């Protein structure tokens, strides 16, 4: 008698746990849009006089998408969506100087606009904030990297940090909102 009663309790408990978790999904795939499988990332345009920044940004974004999302980066003909962007501004800012007015801590600041659209050109994810100019429908990210010239770092070091931060932000914003 005790066995059948405990068996009933165990069955009821397992049924309630199974049914109670029916709406929850496990895994990283649930963080992203189910209707998008592939992304095309054309080379980011660059308004900078520094050579190769657009290519470096594109490479970082592709690597971040491939390694941290279920999406596959493919050619334009095969893509469900397109993530394109433009580097609008890059600056070097001095944060601290020594007693001889020589820069000791500097920032590299990148302003990058981007959009993520489907094949029809509709935005897939509304950005957290929009640029003020009406002709742009995407987000503008301000990404900053810091470098210290005294220890051998250069503007390239800070740009790589800023590009890495930007790529991580883009992938984060590709997730579906809760």
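Every number here is computed from the coordinates shown, using simple stated rules; none is lab data. Nothing here was measured: the structure is a model prediction, and the numbers come from that model. With ideal geometry, Cβ positions are generated from the backbone for all residues, glycine too; neighbour counts draw on all protein chains shown.
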Quiz prompt | Per-q log10 I(q)/I(0), segment 32-100, q = 0.14, 0.15, 0.24 Å⁻¹ (Debye; single scatterer per alpha-carbon; no solvent) | solution = -0.54, -0.59, -1.02
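Between residue 104 and residue 160, what length comes free when the chain is fully extended (0.36 nm per residue of separation minus the Cα-Cα distance, one decimal in nm)? Don't jump to the answer; show the numbers that get you there.
Values: separation 56, 0.36 × 56 = 20.16 nm, distance 1.87 nm.
The span from residue 104 to residue 160 would gain 18.3 nm if fully extended.
Computed FRET efficiency, Cβ-Cβ of residue 72 and residue 144, R0 25 Å: what is it to the nearest 0.05? Spell out each step's value before the answer.
On the way: r = 30 Å, r/R0 = 1.22.
Computed FRET efficiency for residue 72 and residue 144: 0.25.
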Self-check item: segment 35-173: C-alpha pair distances exceeding 18 Å, %
Solution: 57
Self-check item: Stretch gain in nm, segment residue 153-residue 173, where the contour uses 0.36 nm per residue and the Cα spacing is subtracted
Solution: 4.2 nm
